[in-house]
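These notes are about the structure you will find just below.
Bear in mind these aren't lab numbers, they're just calculated from the coordinates by the rules spelled out. Since the structure is predicted, the reported quantities are computational estimates derived from the model, not experimental observations. Neighbour counts run over all protein chains shown; Cβ positions are idealised from the backbone, glycine included.
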Amino acid sequence: MSEVRGIESGQICWSEKLLGEVVLAKMPASVGAAREAVLDIVGRDHVRKDDILLVVSELVTNSVVHADRGTSCASVRLRLLASDDLLIVEVYDPGSFSDAPRLDERQDTFGEGGRGLYLVSLLCGGRWSTRSLGAGTERLVWAALPLTGQASPAREVVDARRKDSRQAIRFTKNARFAVTPGGKLRLPKIGDVPVRWSRSLPSGSSSVTVVKDSAGRYFASFVVGTSHQPLPEAGSEIGIDLGLTHFAITSDGRKAANPRLLRRAAKKLRKAQKALSRKEKGSANRAKAKAKVAKAYAKVADTRR
């Protein structure tokens, strides 16, 4: 594995190297498979082997038992990363309809469950967190085990690893937002904002959420009521296989070339990242360079969609 990503927040800065990754079926037997995979990655002589296995077992079990979104064939993704002072366990799953994982410190001495995240938090010194990804279609739970006495405190680690730098505000009907006849979005205390609509609203909206992403762009998401309209039945069926050499191959032999969007944008990204690395931390020029990198990545992400 060669992925290295930088973590930067205020005065906290380090790099995390990907040690290994494994995709598991969402079934109880995957907990044991996860432990075996982790031993192959970190080695059976690792100084914190037992603690790592306990954290992996608890997080994967939590995903297998409580992740009820998606289909029965949904998967759980386990990743191990390392910095100079931390070993990070990340588990991705489809998420839960009912609730997000949370720590309950009111432990029942004779209870049958409820100790998983509590034990993980104790082992990691509070260095763990969870968040939704995408449009709430995926969930990440991670925990960072300290490898040395120089590891950053829990609050700093959690804040630094919070990658979602979006800002959002929600307006309800009581706030009296409106869509003007000219197609602008009227927001209280802001005024009429020009909007480029992706589609027309099918009905009146009960609320709108305005989001600013890491690239400095603003998006408006509306809550509307719609009626269920099933798609018409197709007269034929076709299978699609996604791959690396070709983006997709259909069961009738047609092939779609891989657009390799990230590779095509690599030169521009490399130039933006080099410019960022030369800027002084905390300076206004670094903030501008960071925004340029975010915009370059956002362009690739938009093209992939």
Do any of Lys267/Lys299; Lys271/Lys292; Lys212/Lys290; Lys212/Lys268; Lys212/Lys288 go past 18 Å between their Cα atoms, and which?
Lys212/Lys268
Mind checking which lysines have their Cα closer than 17 Å to the Cα of Lys189? Skip sequence neighbours fewer than 8 apart in that chain.
Lys173
Starting from one equal scatterer on each C-alpha and no solvent at all, send me the Debye-based log10 I(q)/I(0) for the stretch 203-277 at q = 0.13, 0.14 Å⁻¹, two decimals.
-0.90, -0.94
Under 15 Å, Cβ to Cβ, from Lys189 - net charge with Lys/Arg +1 and Asp/Glu -1:
+2
The stretch 250-255 - phi-based ³J(HN,Hα) in whole Hz, Karplus 6.51/-1.76/1.60, Gly and Pro as x:
8, 5, 9, x, 6, 10
Extension length gain for Phe219 and Arg155 (0.36 nm per residue less Cα distance), in nm, is 20.1 nm
Taking the Cα-to-Cβ direction at Leu133 and at Leu244 and moving 7 Å from each Cα, how far apart do the two end points lie in nm?
1.9
Send over the per residue convex hull volume for the stretch 167-224, Cα only, as a whole number of Å³.
88
Which one, Leu187, Ile240, Ser200, is farthest towards the positive end of the dipole of the stretch 147-305 when Lys and Arg carry +1 and Asp and Glu -1 on their Cβ?
Leu187
Just from the alpha-carbon atoms, what are the Rg and Dmax of the stretch 243-305 in angstroms?
16.7, 56
Taking the Cα-to-Cβ direction at Ala257 and at Arg170 and moving 7 Å from each Cα, how far apart do the two end points lie in nm?
4.5
